Amino acid sequence: MTEQILQDSAKVVALPDLAARRRQRLAALVEARGAARLEELSAALGVSQATVRRDLNALSATGRLRRVHGGVVAADARLDEPQFEDKAGTAAAEKERIAAAAVKLISPTDTIYLDSGSTVLALARLLHGWDRLTVVTNSLPAAMELAGRGPRIIVVGGELRATSRAIVGPLTRHLLDEIRVDRAFMGSYALSLADGLTTTDPSEAYTKRLVLPRANEVVLLADSSKLGSRSFVAAGQLRDLDVLVTDRRLDARAARALARRGVRVITA
């Protein structure tokens, strides 16, 4: 009887120890990635999402991690996205040079997709008078910029996200499933060799992922400061990209690494 009591006591002690080790591993995974989704952590740890959720609640109570919609971020991760007007005024000269290089990839009779983002909007401003061009876009600023100024405009329907002024979410599938475009000009909040394109908002990431297989060529417009950074939600893999148009401050080693992954790099 005494032996059985000792064994039962050992089990009681072992269970909290197991939970503590699992939570330590979970925290290390999130801190290494910067952010993670619930289902990713469940698969990595081999436990249910309910268990992960309890562990995240315990860790967030200590301040080590921070819960966000759909997942978790490290306590020191920065997921705050500036308003569209603030982004548009940042690195404006670089964005204009990137746009000027990107417009050379367009043929007058193309059908193109313009993603949301201030660099893509700079490209839209160069398309006035292109009256044989068809533009599909989820960007409200791009649509307003080109309305009545030459191109045929097709606006994706869905939910308007105020921060980026982009139309996003599941309703965008109704149109995007039905089209193909010659080129998609995409923006991204962050880009890395390991994680590809990432962004702050799941609905925006969802719509970006819908677009990528619908284009014969995918062109990412992003200044060099975005390379090597990552955000909360996966919005596309490097293998989805054909071309990166960026500024001349892109590190030469990063350019070579991208080229090895099949991404053509154009600097402006």
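None of the figures in this text is laboratory data; all of them are computed from the coordinates on show. What you see is a predicted model, and the numbers here were worked out from it, not measured in a lab. Virtual Cβ from ideal backbone geometry, glycine too; neighbours counted across all protein chains shown.
Determine the gain in length on full extension of the stretch A61-I154; use 0.36 nm per residue of separation and subtract their C-alpha separation, reporting nm with one decimal.
Working: separation 93, 0.36 × 93 = 33.48 nm, distance 4.68 nm.
Full-extension gain reported as 28.8 nm.
Provide the per-residue ³J(HN,Hα) series for segment 104-109, in order, calculated from phi with Karplus coefficients 6.51, -1.76, 1.60 and θ = phi - 60°, each as a whole number of Hz, with x at glycine and proline positions.
Values, residue by residue: 5, 7, 9, 9, x, 9 Hz.
Using a Förster distance of 30 Å, how high is the FRET efficiency between E39 and E178, based on the Cβ-Cβ distance and rounded to 0.05?
Values: r = 29 Å, r/R0 = 0.96.
Efficiency for this residue pair is about 0.55.
Evaluate E = 1/(1 + (r/R0)^6) for A100 and R54, where r is the Cβ-Cβ distance and R0 equals 41 Å; express this FRET efficiency to the nearest 0.05.
Details: r = 52 Å, r/R0 = 1.28.
E between A100 and R54, to the nearest 0.05, is 0.20.
Quick query: amide H of V181 versus all other amide H atoms, modeled in the peptide plane; which residues come in under 5 Å with a sequence gap of 5 or more or a different chain?
When sequence neighbours closer than 5 places are left aside, the close amide H contacts are A215, N216.
Please report the net charge: other residues with Cβ closer than 15 Å to the Cβ of T111, K and R +1, D and E -1. Kindly include the intermediate steps, with their values, before the conclusion.
Values: positive: R132, R152, R180, R183, R214; negative: D110, D115, D131, E178, D182, E217.
Within the 15 Å Cβ shell, the charges total -1.
What are the ³J(HN,Hα) couplings of segment 145-159, residue after residue, when phi is run through the Karplus curve with 6.51, -1.76, 1.60 and θ = phi - 60°? Round to Hz, x for glycine and proline.
Here the 3J(HN,Hα) series is 4, 9, 4, x, 10, x, x, 6, 10, 10, 9, 5, x, x, 8 Hz.
Amide H of Q237 versus every other amide H placed in the peptide plane: which residues, excluding those fewer than 5 positions away on the same chain, fall under 5 Å?
Correct list: L197.
What net charge do the residues around L126 carry, taking every other residue with its C-beta under 13 Å from that of L126, with Lys and Arg at +1 and Asp and Glu at -1?
Values: positive: K95, R97, K104, R125, R149; negative: E96, E145.
Summing Lys/Arg as +1 and Asp/Glu as -1 gives +3.
Label points 7 Å out from Cα along the Cβ direction at R125 and V47: separation in nm?
5.1
Stretched out fully, how many nm does the piece from A162 to A252 gain, at 0.36 nm a residue minus the Cα gap? Working shown, then result.
Details: separation 90, 0.36 × 90 = 32.40 nm, distance 3.62 nm.
Result for the pair: 28.8 nm of gain on full extension.
What is the local net charge at E94, summed over the other residues whose Cβ is closer than 12 Å to its Cβ (Lys, Arg +1; Asp, Glu -1)? Can you show the working numbers first?
Working: positive: K95, R97, K226, R248, R249; negative: E96, D223, D247.
Every neighbour counted, the sum reads +2.
With θ set to phi - 60°, apply the Karplus curve 6.51 cos²θ - 1.76 cosθ + 1.60 along segment 254-259 and write out the HN-Hα couplings as whole Hz, x wherever there is a Gly or Pro.
5, 4, 5, 5, 5, 4
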